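Asker: Have a look at the structure that comes next, please.
The values are calculated or read from the model by the stated rules, or taken from the named source; none is laboratory data. Everything quoted here is computed from the prediction, not taken from an experiment. Cβ sites come from the backbone with ideal geometry, for glycine too, and all protein chains shown count toward neighbours. Side chains included, ligands, DNA and RNA excluded: accessible areas come from the protein's heavy atoms. Shrake-Rupley method; radii C 1.70, N 1.55, O 1.52, S 1.80 Å.
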Amino acid sequence: MTTPTTSTTRTDVCIVGNGAIAKTTALGFAQAGHSVTLLAPPARPGTEAPSSSSAAERPWDVRVYALNHTAHDLLASLKVWGALDLARVAAVDAMDVHGDGEGGGNLGFDAFGARVGTLAWIVEDHNLNQALDAALKFAHNVQRVEGRACELTCSDEGAALRLEDGRRLECALLVGADGRESWVRGQCDIGVDYRMYHQRAIVTNFACEKPHHGVAHQWFTCADGIIALLPLPGNRVSLVWSAPETLADTLMDESLGELAIRLGEYADDKLGALRPLQPEAVAAVPLALVKPHAIVAPRVALVGDAAHAVHPLAGHGMNLGFGDVVDLLATVREREERRAIGDERVLARYARKRKEDVVMMQLATDGLERLFGANLEPVRVMRNLGLNLLDKMPALKRRLMAHAMGKSSI
């Protein structure tokens, strides 16, 4: 029988969460000179890191991120980008967007038109988290604590968490980086608007017969949802298929070989035949739009999916989270000397700074999902015409690419 402890740990910042955004936030504050506690839930049995010491032998992760320039620059400034296994990172040099139906519209983006070396980078979840974990080992002012919080209290002095085993964590600023169903957000009584898409993202990886040349392909279909094939190193691609729930059930019941045959309707002329990677792995993630009524509360700031969750059709959910980290760190760094890092005015500035970027991405992803989900012939014709028209407007395309890459202009 374990005896409850009543020990208290006091740091400048306490971050609740164990994902890439939580770890990046911890590194950012630590490297800015703040003491940090990173509270993560206890590891579940069977979730230990793979034992293989060879990266070449490690299976390809089905969960990947299309990281933009904001994410890249932040990770590089924290000395994390160089710690990635770059042999397992793929550059996206172009993007080809396809409309639906016969003669569907087409929209293309490329790095040359954006005046950059690459549009984005495809990084596996394991690769990113492994690099962050390595960096955290050298961050001497970060304490990693395992446990579950059961109570949050806030006062003029800061925030305090009580853990289930009786320990107490105190801080001047509490950061909720604990995902879409954020416990921290719930404890702050922040209301949330949900829109369930009744879709699931089917994610897996394939080898492709033809070289992908660094091109990310995306097909907006009506009946089958939204299909994206993202480049991985070598002749490999990562699938993100945002499929209606009934179709998602069917896809998950089929073999990956059968799934590859289905994808041939879209991908054969671009990538040739697809073949499942070995060992086979696939996952399905429910999709929803999550819009909290606020991203700050007294002594509390939300980042990542705790602050917003969007449809993955643009691949920018993780990038929004990295944008949160950039703006939160900058707001705290630029505060008046007399203000604490959890000061109400400081957090209000962070919320204002994030509003435009987040709202624009919510409107864009939700609007596109609604537009391409409408099964009406006049709407189908107009959206395909719209894609073709936009493709012939280079100035507007550059503005869209700049926003997607996290740049003010290109």
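Asker: Accessible area of segment 81-183 with a 1.4 Å probe: how many percent of it is carbon plus sulfur?
Answerer: Ligands and nucleic acids excluded, carbon and sulfur give 50 percent.
Asker: Show me 303-313, 246-256 ranked by packing, highest mean number of other Cβ atoms within 10 Å first.
Answerer: Result, highest mean first: 303-313, 246-256.
Asker: Using the Kirkwood formula over every pair of different C-alpha atoms, what hydrodynamic radius in Å results for segment 259-310?
Answerer: Answer for segment 259-310: a Kirkwood hydrodynamic radius of 15.0 Å.
Asker: Greater than 23 Å separation of Cα atoms is the criterion. Which listed pairs, K79/K355; K79/K137; K291/K355; K79/K291, meet it?
Answerer: Over 23 Å apart, Cα to Cα: K79/K355; K79/K291.
Asker: What accessible area per residue, rounded to a whole number of Å², is obtained for segment 169-250 using a probe radius of 1.4 Å?
Answerer: Here the residues of segment 169-250 average 35 Å² of exposed surface.
Asker: Something else: What's the local net charge at E344, with K and R +1, D and E -1, over the other residues with C-beta under 12 Å away?
Answerer: +3
Asker: Something else: Give the residue list of chymotrypsin sites (Phe, Trp or Tyr not before Pro) in segment 114-219 that are DSSP loop and have at most 16 other beta-carbon atoms within 10 angstrom.
Answerer: Answer by residue number: F138.
Asker: For segment 116-234, taking Cα atoms only, what is the radius of gyration to one decimal and the Dmax to the nearest whole Å?
Answerer: Rg, Dmax (Cα atoms, Å): 21.1, 62.
Asker: When the Cα centres of segment 137-213 and segment 116-130 are compared, how far apart do they sit, in Å?
Answerer: 21 Å
Asker: Between rounded, prolate and oblate, where does segment 168-322 land on the alpha carbon gyration tensor, with a ≥ b ≥ c its root eigenvalues, rounded for a/c under 1.5, else prolate if a/b exceeds b/c?
Answerer: It is prolate, given that a/c is not under 1.5 and a/b is the larger ratio.
Asker: Which value, in Å to one decimal place, does the Kirkwood hydrodynamic radius take for segment 179-238 when every pair of different Cα atoms is included?
Answerer: 14.8 Å
Asker: Compute the Kirkwood hydrodynamic radius of segment 210-276, taking the inverse of the mean of 1/r over all pairs of distinct Cα atoms, and give it in Å to one decimal.
Answerer: 12.3 Å
Asker: For segment 160-209, which semi-axes, largest first and in whole Å, follow from the square roots of 5 times the eigenvalues of its Cα gyration tensor?
Answerer: Semi-axis lengths for segment 160-209 are 35, 18, 10 Å.
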